[in-house]
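Asker: I have a structure I would like to understand better, so I am pasting it below and will then ask my questions one at a time.
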Amino acid sequence: MTEKQRIERMMEKHKAYFKNVKGVDVAFSTKGDCFFYEYNEEYNEYTTYVRFFTAEELEQIIEDNIATDYCIQLQAITEETLRELDAPARQEISVDTVVMNSYSLNREILTNAFIAFYNMLEKAYEYMKPFKNWTEDLECKSESNSID
């Protein structure tokens, strides 16, 4: 089996990753070089562009890319959570409001905190969706392989 065929088998093994994570793919040049890349449409740039030679190198690149993307998403979720939860604390409150309406003020702060938390969960779900689809495809593939 040629190395290109081994690479193609590796791509098939990780088909769920290529299908569910937008912008990632493998390219073969006319000179026989192999490249793994990730294109970001929002910024119109390649965030990853790596030359590799073997199927094992491709698998390592894929695993590294998954780990990096996952960590970046966790960092974004954490930062967004902190921003959302900090927003109610940055609101200006007059002393008169605190004295006269402490019950409604506490209720407003709790409501704002809940809204911030809910919004953070929605964003976290969107950030993690590619990984969810990828793992679901892997689980389905694993179940079908165990049935065979």
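The values are calculated or read from the model by the stated rules, or taken from the named source; none is laboratory data. Here the structure is a predicted model, which is why all the values come from computation and not from measurement. Using ideal geometry, Cβ is built from the backbone for each residue, glycine included, and neighbour counts are taken over all protein chains shown. Quick note on the areas: whole protein, heavy atoms, side chains included, nothing else; ligands and nucleic acids left out. Shrake-Rupley method; radii C 1.70, N 1.55, O 1.52, S 1.80 Å.
Asker: If you only keep lysine pairs separated by 8 or more in sequence, or across chains, how many in region 1-95 come under 24 Å at the Cα atoms?
Answerer: So the count works out to 6.
Asker: Hey, another quick one. Hey, can you rank 13-24, 108-119 by average C-beta count inside 10 Å, highest first?
Answerer: 13-24, 108-119
Asker: In addition: Would you mind working out the accessible area per residue for region 1-90, using a 1.4 Å probe, and quoting it in Å²? Don't jump to the answer; show the numbers that get you there.
Answerer: Numbers: 5980 Å² over 90 residues.
On a per-residue basis, region 1-90 sits at 66 Å².
Asker: log10 I(q)/I(0), Debye, Cα-only region 4-49, no solvent, q = 0.14, 0.21, 0.25, 0.30 Å⁻¹?
Answerer: Taking Cα atoms of region 4-49 as identical point scatterers yields -0.37, -0.77, -0.96, -1.11.
Asker: Sort 61-71, 41-51 by the packing proxy (mean of other Cβ within 10 Å over each peptide's residues), most packed first. Please list the in-between numbers first.
Answerer: On the way: 61-71: 14.8, 41-51: 11.3.
The most tightly packed comes first, giving 61-71, 41-51.
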